[in-house]
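Taking it in order: structure first as structure tokens, then the write-up.
The values are calculated or read from the model by the stated rules, or taken from the named source; none is laboratory data. Just so we're clear, the structure is a prediction, and the values are computed from it rather than from any experiment. Cβ: placed from backbone, ideal geometry, glycine included. Neighbour counts: every protein chain shown.
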Amino acid sequence: MATSKTAWNAYIEYATTVTDDVHDQLFDQLAEYAGAPTTAPNGNFAVEITLPAPTVELAIPAALEIVGAALRAAHGSAPVAVIEVMSRAERNRRTHAPDIPELTGVPGVAKILNISGAGARKRIASPEFQRHVPVVTVIDDRPVFIADQVKRYAAQRSAGRPRTSTEQ
């Protein structure tokens, strides 16, 4: 068992609603843990804290006790609906990860592949491109692609024009 302490982020959602005063009280009571009381999208009361613990297995009950005690003092007890605990490093990674990947259309494909717009349209129509870069959606009759897939394709593709269907 590790003896050093890691910083853990805990998100705890309770099956209850609380007043703004309770939010304020818990904000103050949990300041030591960078407590952030909030309202979950479903209307439940939720809190996120950061706490030190040697392992995630020890962080879970500690987080429940810390937040639970503050909630009981300000509002009374409430059942836990959700708990999510992860290392601070993982939380930071998730926070900085884009929710939606960068998308691109024909002009972006042309730029990534360093070819003309007409060349990009021909390349997009090629079976080779379609095998490696699927269309995500079509907007106003224009295909949309995930830019990273186009970049990976560009790094792997052979130079020159795409083969026509008769050359396959």
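When the range 91-118 is filtered for residues that are in a helix (DSSP H, G or I), of a type in the set (D, E, K, R) and in contact (Cβ under 8 Å) with a residue 24 or more places away in the chain, only Arg91 remains.
Does the range 72-91 hold any residues that are aliphatic (A, V, I, L, M) and either surrounded by fewer than 18 Cβ atoms within 10 Å (Cβ to Cβ) or closer than 14 Å to Tyr11 by Cα (or both), and which are they?
Our first condition is that a residue be aliphatic (A, V, I, L, M); within the range 72-91, this holds for 73-74, 78, 80-83, 85-86, 89.
Residues satisfying the conditions are Ala73, Ala78, Val80, Ala81, Val82, Ile83, Val85, Met86, Ala89.
Of all the criteria given as (1) under 25 Å from Ser87 (Cβ atoms); (2) among the small types (Gly, Ala, Ser); (3) touching a residue at least 40 places away in the same chain (Cβ under 8 Å), the one not satisfied by Ala15 is (1).
Criterion first (free of Cβ contacts under 8 Å to residues at least 12 places away in the same chain, farther than 30 Å from Ala10 by Cβ and not in a helix (DSSP H, G or I)) does Val138 satisfy it? When the stated conditions are applied, Val138 passes them.
Total residues in the range 57-80 satisfying the condition of being assigned to a loop (DSSP other than H, G, I, E, B) and closer than 19 Å to Asp24 by Cα: the figure is 4. Remark: Arg123 falls outside the filter, which requires a residue to be basic (Lys, Arg) and assigned by TED's automatic domain parsing to the domain that holds Gly35. I'd like the full set of residues that are among the aliphatic types (A, V, I, L, M) and either exposed (fewer than 14 other Cβ atoms within 10 Å of the Cβ) or in contact (Cβ under 8 Å) with a residue 40 or more places away in the chain (or both), limited to the range 41-54. Ile49, Leu51, Ala53 - these are the residues of the range 41-54 that are among the aliphatic types (A, V, I, L, M) and either exposed (fewer than 14 other Cβ atoms within 10 Å of the Cβ) or in contact (Cβ under 8 Å) with a residue 40 or more places away in the chain (or both).
Could you grab me the full set of residues in the range 125-141 that are within 29 Å of the chain's Cα centre (by Cα) and surrounded by 11 or more Cβ atoms within 10 Å (Cβ to Cβ)? Those that are within 29 Å of the chain's Cα centre (by Cα) and surrounded by 11 or more Cβ atoms within 10 Å (Cβ to Cβ): Phe129, Gln130, His132, Val133, Pro134, Val135, Val136. No other residue among Pro101, Pro107 is within 30 Å of Phe145 (Cα to Cα), surrounded by fewer than 14 Cβ atoms within 10 Å (Cβ to Cβ) and more than 22 Å from the chain's Cα centre (by Cα) apart from Pro107.
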